[in-house]
Amino acid sequence: MRSHRRTGLLAVTLALLASAVTATDALSAPGHRGSDCPGVRVPGAAYVRTACLDDMSSTALTGTDYTDPSDWKGLLSARTENPPGVPGVQLDGYFPDTSTLNTTHGWRHDAQFVIRLPEHWNGGLVVTGAPGTRKQYSLDRGISDWVLAQGYAFAATDKGNSGADYYTDGRRPGDAVAEWHRRVTELTRAAKRTVGAYYGRTPKRTYMTGISNGGYLTRWQLERHPELYDGGVDWEGSLLTADEPNIFSYLPTAVAWSRGAASHNDMIRAGFQPGSEFLWPYHALAYWGVTQKTYRAEFDPAYDPNCPGASAGSSPAEIVSPCASDAEYVYSSRPASVRGALRRVALTGRIGKPLITLHGDLDALLPIRTDSDRYAAMIAARDRAELHRYYRVEDGTHIDALYDVHPLELRPILPCYREAFTALTAWVEHHDAPPPSGTIARPAPPADVANSCPLPH
């Protein structure tokens, strides 16, 4: 097992910059109904605690032990309007695991999860994996609040490793990312059984969804385990492939640009969208360096022993800063083993259930041309286009919170996501096909782009 150091520092940094026995405990908290709170089991979990809550919204749970605002900080626009909270049962726990990167609740145990069971259930289940290298509560404001208000049960996992040192989890290159797949599958199966036992009937529908790395996992699950889901919404999922263009063709160019070693034309040729230039300085400071060196440490650990990834830094600024060697990284010149490590976790486009993809055309972390444009083409090449809708969000970028800084240039994607999720459920449950793939144009003022987003017609 590779060593584990500076657990969870990536989530902290981003915020600064913008055993096998199941146990069940009832906890005290504001709005907690202790006397009538039954213990609920999660099959396969090593530890579970149960709480019956009068309000499971992120707003009500902030300041309690049932969420962690640092998980979602910096993701959403402050102008986002969320629905009122709903009562229900919350399950927090973890599955058996040997790594200890996730220190939430003081457990120092990975494979942590949260499951929420609303009092008034609509018969559905929504499953997600954390975006980036965040943890299980990172989608409480963005997804959990909204789907719970619709009546869905909700389940989220930390993916089995988290933080800037996620790549230290595993024995072989690619092991940490491969674990993400297993943990989502594990949680989906366990959550289905938990929901069935609690409500007395199994979920009628199960949907997979996620943002960024969670979008990647949505794609992967619908490719590899379509039997577990009825459909999915992929919000700017990362595209991991062994063939270029991939993360190792455009991120080194971005790192080189941040160090003055690449031109504007180099960036455009690498895939970055013309018009996104105003976002480049921020991404050079907060994202490109740490993303390149940690992915490189995960898939190509032999490249620069003097810069093993985030562990090359001891302060937040050092952790997010790039390694000089990454500006010169050339994927095509690396050993075949690197391509093999990526191939273990690569997407294929062979989805087996309906999928809606959303991606902002000003995404400056995962450029739309090298990511979702290409994934849509991969799906079509597999003759699965009839299962896919792809909406390019005009003026959308990777992080909705940047809209608050650039309200004239950007728009949040969250309201588009909500419309897409509603369209997916109509597609699956009522055979009401969503609008054809296309661009979601930015509406003219005075439209509330933070809270409304009609799909294209």
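The values are calculated or read from the model by the stated rules, or taken from the named source; none is laboratory data. These numbers come from a predicted model, not from an experiment. Cβ placement follows ideal geometry from the backbone for every residue including glycine, while neighbour counts extend to all protein chains displayed.
Structure notes:
- Odd one out for Thr202 among (1) surrounded by fewer than 21 Cβ atoms within 10 Å (Cβ to Cβ); (2) in a helix (DSSP H, G or I); (3) of a type in the set (Ser, Thr, Tyr): (2)
- Filtering Ala284, Ala262 for residues that are assigned to a loop (DSSP other than H, G, I, E, B), modelled with pLDDT of 95 or more, surrounded by 17 or more Cβ atoms within 10 Å (Cβ to Cβ) and in contact with a Ser or Thr (Cβ under 9 Å, 6 or more places away or on another chain) leaves a single hit, Ala262.
- Hits in the stretch 43-89 - residues which are part of a strand (DSSP E or B) and either surrounded by fewer than 18 Cβ atoms within 10 Å (Cβ to Cβ) or hydroxyl-bearing (Ser, Thr, Tyr) (or both): Tyr47, Thr50
- Condition check for Glu223: touching a Gly at 6+ places or on another chain (Cβ under 9 Å), surrounded by fewer than 24 Cβ atoms within 10 Å (Cβ to Cβ) and not in a loop (DSSP other than H, G, I, E, B): yes
- When Ala197 is tested against (1) assigned to a helix (DSSP H, G or I); (2) in contact with an Asp or Glu (Cβ under 7 Å, 6 or more places away or on another chain), exactly one condition is not met: (2).
- Of all residues in the stretch 103-131 being crowded, with 24+ Cβ neighbours inside 10 Å and more than 23 Å from Ser57 (Cβ to Cβ), the one that is farthest from the chain's Cα centre (by Cα): Asp110
- Scanning the stretch 291-336 for residues that are within 16 Å of Asn246 (Cβ to Cβ) and of a type in the set (Ser, Thr, Tyr) yields Thr291, Thr294, Tyr295, Tyr303, Tyr329, Tyr331, Ser332, Ser333.
- Residue within the stretch 435-451 that is surrounded by fewer than 21 Cβ atoms within 10 Å (Cβ to Cβ) and not in a loop (DSSP other than H, G, I, E, B) present: yes
- Of the numbered criteria (1) assigned to a strand (DSSP E or B); (2) within 20 Å of the chain's Cα centre (by Cα), the one Arg411 fails is (1).
- Among the candidates Ala164, Ala190, Ala197, the residue that is farther than 17 Å from Ala346 by Cβ, modelled with pLDDT under 95 and assigned by TED's automatic domain parsing to the domain that holds Trp107 is uniquely Ala164.
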